[in-house]
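Taken together, the values in this text are just the output of simple stated rules run on the coordinates, not laboratory data. Just so it is clear, the model here is predicted, and its values are computed rather than measured. Backbone-built Cβ (ideal geometry, glycine too); neighbour counts: all protein chains shown.
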Amino acid sequence: MPTQPEPSDEQSRRLVYLAAERTLSSWIRTALSLMVLGFVVDRFYLVLRQAFGGKSVAGLQARTLWHLGGSILIALGALMAVVAGIYYLRFALRYRRNGSTEVGGSLVVAALFTFVLGAFGVALLAVLAWVAK
């Protein structure tokens, strides 16, 4: 049975870097999902209030709890995006220092995107807090 040749050191290093990019992508998807879920939780009280014809139903008029729960999820998503970006930057910079493999422009794009996503989460929190007044 023929065996596959062992990958070269350079190929192995490139595969490790690509795995780190896939991991960052997973963390970003999770952070986005948390922020979307937080927005839905924050606004879901409107759906429930409409479903009950605006009547005061026990617990459904507690706007503060819906807003707090949604805000916490949005903040967690924004924090997750920024922390994932920081970990990825640290890994990629260490990787570049310790090896000869070039990481390319994806380092800047990935880091920028994660920080912009975190800033978007903070802006979303500010808008929801302003609307909740």
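Using the Cβ-Cβ distance between TYR95 and VAL127 with R0 = 41 Å, the FRET efficiency computed as 1/(1 + (r/R0)^6) comes to roughly 0.65.
Using C-alpha pairs below 8 Å separated by at least 6 residues, the relative contact order for the range 33-132 is 33 percent.
With the convex hull of its Cα atoms as the shape, the range 33-132 has an orientation-averaged projected area of 7.1 nm². Using a simple spin-label model with pseudo-atoms 7 Å out from Cα toward Cβ, LEU65 and PHE44 lie 1.2 nm apart.
Give me the extension gain from GLU6 to ARG22: residue separation times 0.36 nm, minus the current Cα-Cα distance, reported in nm with one decimal.
3.5 nm
Restricting the range 7-57 to trypsin sites (Lys or Arg not before Pro) that sit in a DSSP loop and have at most 14 other Cβ atoms within 10 Å of their own Cβ leaves LYS55.
If the chain linking PHE115 and VAL83 were pulled fully straight, counting 0.36 nm for each residue of separation and taking away their Cα-Cα distance, it would gain 10.6 nm.
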